Amino acid sequence: MESKHVVIYSQVTCPPCHQAKAWLSDQQIPYQEKDIRKDPIYIDELIRLGSQMTPTFIIGEKVLIGFDPTELLETWNSYKE
């Protein structure tokens with residue numbers, strides 16, 4: 001069984017990205033970071049998801065754009081069950 005986690009598209013110059021990663025860690029939500037500045041393929045993935053901003057999250061099949069802790073937690077709780 002594959003372990004469940006959040007994917008976060010981020011970049012080092014994005015303060016909300018830093019807040020989101022700290023929040024995910026505080027909530028003990030596992031995540032995989034995809035820094036769009038480190039690998040250009042992540043920019044292509046981000047655009048295919050319909051986003052042009054960071055942070056963008058993938059939780060299961062759902063794409064969340066922007067850091068909204070309430071929406072992230074609700075989506076995570078629905079996904080992990």
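The values are calculated or read from the model by the stated rules, or taken from the named source; none is laboratory data. These numbers come from a predicted model, not from an experiment. Note that each Cβ is placed from the backbone with ideal geometry, even for glycine, and that neighbours are counted across all protein chains shown. Note: accessible area is taken over every heavy atom of the protein model, side chains too, but ligands, DNA and RNA are not part of it. Shrake-Rupley method; radii C 1.70, N 1.55, O 1.52, S 1.80 Å.
State whether the residues of segment 1-20 include one that is open to solvent by 90 Å² or more (accessible area, probe 1.4 Å), closer than 22 Å to residue 78 by Cα and among the aliphatic types (A, V, I, L, M). Within segment 1-20, one or more residues are open to solvent by 90 Å² or more (accessible area, probe 1.4 Å), closer than 22 Å to residue 78 by Cα and among the aliphatic types (A, V, I, L, M).
Of the residues in segment 37-44, none is without any contact (Cβ under 8 Å) to a residue 24 or more places away in the chain and under 19 Å from residue 80 (Cα atoms).
Within segment 28-41, can you find the residues that are of a type outside the set (D, E, K, R) and either touching a helix residue (DSSP H, G or I) at 6+ places or on another chain (Cβ under 7 Å) or open to solvent by less than 50 Å² (accessible area, probe 1.4 Å) (or both)? The answer is 29, 31, 36. Just one residue in the set 42, 31 is aromatic (Phe, Trp, Tyr) and over 9 Å from the mean Cα position of the chain (by Cα); that residue is 42.
Kindly provide the set of residues from segment 42-73 that are closer than 20 Å to residue 13 by Cα, touching a Ser or Thr at 6+ places or on another chain (Cβ under 6 Å) and open to solvent by 50 Å² or more (accessible area, probe 1.4 Å), ordered by number. 65, the sole residue that qualifies. Is there any pair with a first residue in segment 4-17 that is free of Cβ contacts under 8 Å to residues at least 40 places away in the same chain and a second that is assigned to a helix (DSSP H, G or I) whose Cβ atoms are under 9 Å apart and which are 6 or more apart or on different chains, and what are they? So the pair list comes out as 12/18.
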